[in-house]
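Report on the structure given below.
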Amino acid sequence: MKQILNYIDGCFAPGIRQFADVNPADGTVIAHVAEADARQVDEAVQAARRALAAEWGHLSVRERAQRLYKVADAIERRFDCLVQAEVADTGKPISLASKLDVPRAAANFRVFADLIKVSGLEAFQTQTPDGVNALNYAIRKPLGVVGVITPWNLPLLLLTWKVASALACGNTAVVKPSEETPATATLLAEVMQEAEIPKGVYNVVHGFGPDSAGEFLTRHPDVNAITFTGESKTGAAIMKAAASNVKPVSFELGGKNAAIVFADCDFEQTANGLSEAVFLNTGQVCLCAERVYVERKIFDRFLEALKKKAESLNLGWPTDATTDFGPLISAQHREKVLSYFQLAKEEGATLVAGGEIPEFGDARDNGFYVQPTIYTGLLESARCVKEEIFGPVCHVAPFDWEEEAVAMANETKYGLAASVWTNDLKRGHRVAQQMSAGITWVNCWFLRDLRTPFGGVGLSGIGREGGVHSLNFYSELNNICIRL
Ligand code: NAD
Ligand code: 6OD
């Protein structure tokens, strides 16, 4: 059986015990994962500290950028192997992993290598009222050792997005990938070796959250900052753990994202776009729309079109190139999603599509599939409309006025993403600017120039990463003022 090891100080290391890595498409165990204990987490942190002092923290920006380009090149050389590992771990369709996850992993290293080379800060020549001149400028310094904790939905994409920017700023990293999807973090260690990243710069510790590698990392006094993507309540637990050492945190958390569809939209483009926004990655993207508000004039027609799209998705083996919808990540997560299907019934929803476990008559029946699902008829106060489900499911509700749609969309404690679908450009700008969300798309979804800010408001997160916003989180700004 394949072993997935920790990576500490440039060496692959077994753990204190092993846990199973399961393929969500058929429930089979595909690997044994080495679980790190507190001592190994400490070894990883100390290795990262040594690497910081030895070389990485002192490399010139140009040299650091060159190494990160080598990582991007090495990811591309191992493209097929990374795609296969990601598909087996997550159950996502191979077409998605090939188009999104692995290309983005390489792009993350290139973008932050590019950015760090041109991220000069302002310098001001200044003068006091009594005529003393000074030159005032700031420099970036690494924060130190960054703890990176990531979820299972886009494992390599989200991990590299944080690791690339942390390393670009001269930090070293200890990463704790999700226990559900450990493979690509360890494969990235092989990539780092191939790219000659010095030992200790990138370390991987496998395990779980509370009382395991995740918590050991967040509590460790020699970890200087924590960057985390995952559930809002996990963010709250990590914040508490990080508080005792006053560590900076960057949090990308859950969402209950709204889409607003106006009658003047491009109907076909919007139906396609919304089908993607609701069902991509089996609805397991933090940016997926779980609340869809449609102008009453087109409500019935649009609902019918979305239903047709949902029912035409090909629920297949993730490794099949024609599959566009795979399983949920785990039996436990499927239980959660199914409990919301049950709750929707109890809350009085009308089922439009799906709502069941599909039957295949083959080994996929041992996997964790559910059907793409659409509901209508719930009150805005229903739990299914308020709480993040993180599955292939949306509730569609009608609206009559723009102001009403904006108010309903913003009636949430979350605030990660929103989308607005209209051919009226002024309305697009007007509505987008009123959304309580970190990002609002107009007539598109999940598109983003990697230099722009990403993050959420409210329960959806703290801070922004992306472009210079990442560089600001991952560096200490040292302000220097020289009397002239
Ligand atoms: P999760 O919070 O359960 O786990 C995420 C990671 O945190 C895992 O590695 C886990 O082991 C670790 N962890 C759990 N408890 C911990 C603790 N007490 N201390 C330290 N580490 C701990 O999330 P998940 O189920 O893996 O992912 C799904 C969630 O992630 C959804 O809520 C989704 O919206 C969110 N998400 C957000 C974004 C974003 O960019 N905002 C992106 C992807 C996913
Ligand atoms: O676009 C990104 O960079 C990003 N972090 C996407 C997150 C998706 C969440 O599932």
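Per-structure values
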quantity: Meets criteria (of a type outside the set (S, T, N, Q), assigned to a helix (DSSP H, G or I) and touching a strand residue (DSSP E or B) at 6+ places or on another chain (Cβ under 6 Å)) for Ala418; calculated: no
quantity: Any hit, region 367-385, residues being part of a helix (DSSP H, G or I) and out of contact with any Leu (no Cβ under 8 Å at 6 or more places or on another chain); calculated: no
quantity: Unique match (being touching a strand residue (DSSP E or B) at 6+ places or on another chain (Cβ under 9 Å) and in the same structural domain as Asn410 (by TED's automatic domain parsing)) among Gly283, Gly214; calculated: Gly283
quantity: Residue, nearest to Gly200 (Cα to Cα), within region 11-23, restricted to residues that are without any contact (Cβ under 8 Å) to a residue 60 or more places away in the chain and small (Gly, Ala, Ser); calculated: Ala13
quantity: Of the criteria (1) surrounded by fewer than 24 Cβ atoms within 10 Å (Cβ to Cβ); (2) assigned to a strand (DSSP E or B), which one Val146 fails; calculated: (1)
quantity: Gln84 vs. criteria more than 30 Å from Ala331 (Cβ to Cβ) and either crowded, with 21+ Cβ neighbours inside 10 Å or not hydrophobic (A, V, I, L, M, F, W, C) (or both); calculated: no
quantity: Scope region 365-385; condition touching a residue at least 40 places away in the same chain (Cβ under 8 Å) and within 19 Å of Val294 (Cβ to Cβ); matching residues; calculated: Pro372, Thr373, Ile374, Thr376, Cys384, Val385
quantity: Residues of region 276-299 that turn out to be in contact with a helix residue (DSSP H, G or I) (Cβ under 7 Å, 6 or more places away or on another chain) and either in a strand (DSSP E or B) or within 11 Å of ligand 1 (Cβ to nearest atom) (or both), as a count; calculated: 7
quantity: Region 193-226, residues that are among the charged types (D, E, K, R) and part of a helix (DSSP H, G or I); calculated: Glu194, Glu215, Arg219
quantity: Ala243 of a type in the set (Gly, Ala, Ser) and without any contact (Cβ under 8 Å) to a residue 24 or more places away in the chain; calculated: yes
quantity: Scope region 237-275; condition within 13 Å of ligand 1 (Cβ to nearest atom) and within 20 Å of the chain's Cα centre (by Cα); matching residues; calculated: Ala237, Ile238, Met239, Val249, Ser250, Phe251, Glu252, Leu253, Gly254, Gly255, Lys256, Asn257
quantity: Which numbered condition Glu252 fails, given (1) farther than 29 Å from Asp324 by Cα; (2) in contact with a Gly (Cβ under 7 Å, 6 or more places away or on another chain); calculated: (1)
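The values are calculated or read from the model by the stated rules, or taken from the named source; none is laboratory data. This structure is a prediction, so every number in the text was calculated from the model and none was measured. Cβ sites come from the backbone with ideal geometry, for glycine too, and all protein chains shown count toward neighbours.
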